[in-house]
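For reference, the structure discussed in these notes is given below.
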Amino acid sequence: MRVAVLRGGRSSEHEVSLRSGASVAAGLLEAGHEPVDVVIERDGRWLCDGAEVELRAAAGLLGCDVAFPVLHGPFGEDGTVQGLLECLDVPYVGPGVLAAAVTIDKLVFKRLLRERGIAQVDFCQAGEEGWRGRAAALGLPVWVKPSRLGSSVGIIKVAEPAALDAAVGTALEHDPRVIIEAHCEGLEVECSVIGNDAPETSLPGQLVVNADWYDYEAKYEPGGMDLVVPAPIGAEAIARVRELAADVYRSCGCTGLARCDFFVAGDGEVLVNELNTIPGFTETSVFSKLFEATGLPYPGLCDRLVELALERHESERSYRY
Ligand SMILES: Nc1ncnc2c1ncn2[C@@H]1O[C@H](COP(=O)(O)OP(=O)(O)O)[C@@H](O)[C@H]1O
Ligand SMILES: [Mg+2]
């Protein structure tokens, strides 16, 4: 297959996406595919093999069989690029428009979890009616976050009430939608998922972070985090994590892949934190390592995702809408 690998993008996760995309291209090559490098610059220009191209040409008219968006955050993981590819009728890897849009937004995602009665930390939206009272009721510390970013960008852990407004101000520089969350004292555990109608989960892994929390440096500096697979949380919590990962994946309408992130409290309670539909995707990223530990090595993973994209495109054609 000729696979257009879309990487870079307009979000603050541009650099991370460049690395993820380069790994995916190598993985596809190893699996026998022909990757075509499509870099989206920070200013939104699309480059194809280094030369600037019209957006339509880059997305649809390359003669590629399938597109593989390896774009993190807004303008890539949020349904926008997926919508473009839908309009151009190009099969693509990963979530469709709806799943990408509802999972990128922490506020919308957590409201969906709440509706399903899935355990999570309590939260409120900065600026909504009565938010100051609700934020105070969350206790301390609280976590203030832009609702639609990733890679820990713009997130501040607030330890005292006097620091709240400044943290909200910082988050507002990134996103007009700001979430405030209660703190969870627990292990951070992640579980990878692939599939369309019948999602398969990886063994969960525990992130042992060599910092106060899993901030940008801990995520991307060598030695910032050690991954322990399987997570040492006992068979029951492992089963619960996998069951919840598949459940959340299905209920958000995910396809292709995702990484579902959890907190596991001391008493074994499993809380969902977030779901990333285009997780960090280098060969050493958590997403890939978890599947590797589950018996699916990187090139096979890339290959399977291309297959799933084509299957989904084919099955979408059978609906009349
Ligand atoms: N409610 C919380 N309780 C404890 N730690 C948190 C909480 N929210 C975030 N963190 C810490 O911040 C990190 C990044 O937060 P997260 O919501 O996953 O944002 P991102 O989308 O940027 O990954 C988490 O991996 C964790 O280390
Ligand atoms: Mg996270």
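Just so it is clear, none of the values below were taken in a lab; they were calculated from the coordinates. Just so it is clear, the model here is predicted, and its values are computed rather than measured. We place every Cβ from the backbone using ideal geometry, glycine too, and count neighbours over all the protein chains shown.
If the chain linking residue 269 and residue 159 were pulled fully straight, counting 0.36 nm for each residue of separation and taking away their Cα-Cα distance, it would gain 37.2 nm. The fewest-to-most ranking of 321, 92, 220 by surrounding Cβ atoms within 10 Å reads 321, 220, 92. The stretch between residue 172 and residue 284, if pulled fully straight at 0.36 nm per residue, gains 37.1 nm over its current Cα-Cα span. Placing unit charges on each Cβ (+1 for Lys and Arg, -1 for Asp and Glu) gives the chain a dipole about its Cα centre, and among 230, 16, 68 the Cα reaching farthest toward its positive end belongs to 68. For residue 213, put the label point 7 Å out on the Cα→Cβ axis and report which residues of region 1-41 keep their amide N under 20 Å from it. Taking a point 7 Å out along Cα→Cβ of residue 213, the residues of region 1-41 whose backbone N falls under 20 Å are 12-13. In this rough spin-label picture, where each label sits 7 Å from Cα along the Cβ direction, the residue 319-residue 220 distance is 3.5 nm.
Remark: 13, 221, 188 ranked as 221, 188, 13, counting other beta-carbon atoms within 10 Å and listing the fewest first.
Number of Lys-Lys pairs in the chain with C-alpha atoms under 20 Å apart and a separation of 8 or more places or on different chains: 9.
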